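> Let me give you the structure first, and then I'll get to my questions.
The values are calculated or read from the model by the stated rules, or taken from the named source; none is laboratory data. This structure is a prediction, so every number in the text was calculated from the model and none was measured. All Cβ positions, glycine included, derive from the backbone under ideal geometry; neighbour counts span all protein chains shown. Ligands, DNA and RNA are stripped out before the accessible areas are found, and what is left, the full protein with its side chains, is counted by its heavy atoms. Shrake-Rupley method; radii C 1.70, N 1.55, O 1.52, S 1.80 Å.
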Amino acid sequence: MVSKKKIVLHFPPRLVDQPIVYKLVKDFDLQFNILKASITPEEEGLMVLELSGKKENYDSGVQYLESCGIKIQPLSRDVVRNEEKCTHCGACVPVCPTGALFVEEGSRKIIFKNDKCIACELCVKVCPPRAMEVHF
Ligand code: SF4
Ligand code: SF4
């Protein structure tokens, strides 16, 4: 049986420059596709991967990642912004770990780039008018 899933990996700072994903290919015979990757201001690494392979290899690979101290979260949600509700207050910008929310120079509007979003939901909690929505 083949497993194919999208997952978010949170790397602690000490692991950011280790070839961990490469080991998934070499030692566990898994295929991966990096959908997004970034390093946050605290130097935590974040990576969204589509990982596939035989179920037993997939499970061992995920166990290996967890044993290294990497937190794994399934990517089953998508965060979107309700443009009608957003007041461009800026409260979400400092909490976003990937820079998916940022201030546009000139207009001072808050831009949301969905392709950089890892659905961590940190912005959802701080948005006063609840403009950031989680879609399942
Ligand atoms: S916190 Fe909410 S209302 Fe404020 S800029 Fe961000 S998305 Fe818009
Ligand atoms: S859920 Fe919000 S805080 Fe998290 S990455 Fe996406 S836009 Fe940034």
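> Look through Val95, Val80 and report the one residue that is under 15 Å from the mean Cα position of the chain (by Cα), within 13 Å of ligand 1 (Cβ to nearest atom), among the β-branched types (Val, Ile, Thr) and in a loop (DSSP other than H, G, I, E, B).
Exactly one residue qualifies, and that residue is Val95.
> Are any residues in segment 1-35 in contact (Cβ under 8 Å) with a residue 60 or more places away in the chain and either in contact with a Phe, Trp or Tyr (Cβ under 9 Å, 6 or more places away or on another chain) or outside the structural domain of Leu46 (by TED's automatic domain parsing) (or both), and if so, which ones?
Answer for segment 1-35, where residues must be in contact (Cβ under 8 Å) with a residue 60 or more places away in the chain and either in contact with a Phe, Trp or Tyr (Cβ under 9 Å, 6 or more places away or on another chain) or outside the structural domain of Leu46 (by TED's automatic domain parsing) (or both): just Lys5.
> Just checking, which of Cys89, Cys123 is near ligand 1 (Cβ under 8 Å from one of its atoms), open to solvent by 60 Å² or more (accessible area, probe 1.4 Å) and without any contact (Cβ under 8 Å) to a residue 60 or more places away in the chain?
Going through Cys89, Cys123 in turn, the sole match is Cys89.
> Would you confirm whether or not segment 51-74 contains a residue that is open to solvent by 30 Å² or more (accessible area, probe 1.4 Å) and within 29 Å of Pro129 (Cα to Cα)?
Among the residues of segment 51-74, at least one is open to solvent by 30 Å² or more (accessible area, probe 1.4 Å) and within 29 Å of Pro129 (Cα to Cα), which makes the answer yes.
> Filtering segment 107-119 down to residues that are open to solvent by 40 Å² or more (accessible area, probe 1.4 Å) and farther than 14 Å from Lys85 by Cα, which residue is nearest to the chain's Cα centre (by Cα)?
So the residue we want is Lys116.
> Another question, if that's okay. All but one of (1) closer than 24 Å to Pro128 by Cα; (2) within 16 Å of ligand 2 (Cβ to nearest atom) hold for Gly106; which doesn't?
Checking Gly106 against (1) closer than 24 Å to Pro128 by Cα; (2) within 16 Å of ligand 2 (Cβ to nearest atom), the one that fails is (2).
> Same structure again: Being within 23 Å of Val21 (Cβ to Cβ) and away from ligand 2 (no atom under 11 Å from the Cβ): is that true of Ile72 here?
Criteria met by Ile72.
> Enumerate the strands (runs of 3 or more DSSP E) found wholly within segment 2-76, keeping only those where 2 or more residues are of a type in the set (A, V, I, L, M, F, W, C).
2-11, 31-39, 45-54
> On to the next question. Can you give me the number of residues within segment 17-39 that are over 17 Å from Gln73 (Cα atoms) and surrounded by fewer than 17 Cβ atoms within 10 Å (Cβ to Cβ)?
10
> Please verify whether Leu101 is over 30 Å from Val2 (Cβ atoms), surrounded by 19 or more Cβ atoms within 10 Å (Cβ to Cβ), among the aliphatic types (A, V, I, L, M) and in contact with a Phe, Trp or Tyr (Cβ under 6 Å, 6 or more places away or on another chain), treating the condition exactly as stated. If you could, list the steps in order and put the result at the bottom.
Values: over 30 Å from Val2 (Cβ atoms): yes; surrounded by 19 or more Cβ atoms within 10 Å (Cβ to Cβ): yes; among the aliphatic types (A, V, I, L, M): yes; in contact with a Phe, Trp or Tyr (Cβ under 6 Å, 6 or more places away or on another chain): yes.
Yes.
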